[in-house]
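Below is one structure, written out as structure tokens, with a few remarks after it.
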Amino acid sequence: MSIQKKTAVVRLFAVTAVSALVLLSACAKPELQEPLLPTAPTATLRAHYTINIKALPTIRGDQVVFAREDRRALGRGNSYPKDALPALYDESTKTVDIARLDKNLQWHLDPKRKRYEECPLKGCGTNLFNMTGVPPEGEESDGAEAPPPSCVLSTVENSFKVKETGQWRNVNGFYSQEYVATWRMVTQDKQKRKDVMELTLTYWNTAETPAIRDVWRVNEVFSRAYYKNVADGSLFAQLLPLGQYLDIGAMVGQFGPQLNGLSKQSDFQREISKLKGYPVSIRTVLTSDSKSCPEERKSAEAPKEESKGISFSGGLSGLKASAESFIKGTADKIAKDKAQKSMEAKNAGKPIIDYLYEIYAVGIEQVPDNAFQPGPQYQIVTRR
């Protein structure tokens with residue numbers, strides 16, 4: 001496995017796992033819709049979360065999810081430190097995403113500006129759901145083979161284990177038991193220099209109740225129907241078949257331990273089935289330590305342009321300008337290297353991702369139908 005392919009696999013899994021967790025959540029006093037009749041029983045979940053990504057500002061937020069068998073509304077409110085990259089982040093952002101299987105549509109609401117975007121259920125623009133993996137017409141392969149990777153990695157360990165720790169504590173009023181799940185992947189180069197990637201999920205699970213089982217059932221029915229509508233035949237389905245998609249949902253507590261129609265024949269499924277109860281707190285930590293192919297890494301990280309030396313052409317004025325440019329370029333490189341080393345030292349030992357997600361309310365509630373559509377105060381800005 002090449003460095004590029006291994007990195008892509010790690011990123012895909014991390015993004016998928018974290019995305020699956022985020023899809024369970026929702027916003028402090030979220031701006032869904034004002035309660036209006038008629039109402040209907042709806043699976044409801046409210047949670048807080050904190051996301052730390054290496055070298056980036058901490059993101060804190062609150063989320064709420066309303067779900068029925070053919071629709072889901074997810075409200076999210078993120079807040080950032082006031083000095084955190086103001087050009088990239090508002091001080092606080094709120095969004096509402098609504099998926100309607102019955103209309104084959106999704107809406108993305110901006111509560112602050114009271115506007116929304118309408119897209120097909122598969123999404124706007126190009127994405128994994130509306131790609132088939134077949135090259136578009138006129139872009140067929142010319143038959144040329146890609147050059148072999150300069151660094152070839154082999155997998156020496158790929159394990160997933162769940163263990164019960166015997167610890168108990170109160171989480172937002174839920175008496176909960178601790179479980180720790182660890183996915184560990186180790187690869188090495190020809191010189192047996194290893195890369196170690198480890199994903200650790202710490203669960204605090206509370207006992208099942210009839211309301212929790214109802215929430216699980218609604219989520220499973222919706223998720224299966226959503227997958228069938230948007231993923232069947234797509235590139236997404238090739239990368240993440242239905243069974244694996246549901247496995248990840250079970251791993252983050254979206255479904256119960258016994259999924260309808262799924263066997264527990266794989267090692268992963270047998271380990272996941274060890275989780276008992278409903279997770280009201282999940283902490284996800286991704287770490288990575290890379291030692292393989294240092295020459296290739298150094299070459300990939302090397303600057304593409306080098307500072308030019310002092311030129312004696314152009315007389316004294318040319319020499320003066322050349323010397324000033326050389327000194328400035330050297331000073332800039334020293335400052336850049338110093339800043340890079342300072343950043344690396346500051347983040348040394350920190351995980352790539354540290355994501356804490358905690359539920360404070362879950363159950364079946366009477367929710368108005370208008371929670372699943374843009375309100376009359378919203379103006380459409382895009383329809384595709």
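Need the C-alpha centroid separation for region 272-300 versus region 186-228, integer Å.
Region 272-300 and region 186-228 have Cα centres separated by 13 Å.
Strictly over 31 Å apart at the Cα level, which of K94/K274; K122/K274; K54/K94 would you flag in this model? Don't jump to the answer; show the numbers that get you there.
Values: K94/K274 36 Å; K122/K274 34 Å; K54/K94 23 Å.
Going by Cα-Cα distance, K94/K274; K122/K274 fall outside the 31 Å limit.
Could you pull out the pairs from K163/K291; K190/K350; K161/K276 whose alpha carbons sit more than 20 Å apart here? If you can, show how the numbers build up before the last one.
Values: K163/K291 29 Å; K190/K350 28 Å; K161/K276 14 Å.
K163/K291; K190/K350, as the Cα separations exceed 20 Å there.
Laboratory data are not the source of any read-out in this text; all were calculated from the coordinates shown. Everything quoted here is computed from the prediction, not taken from an experiment.
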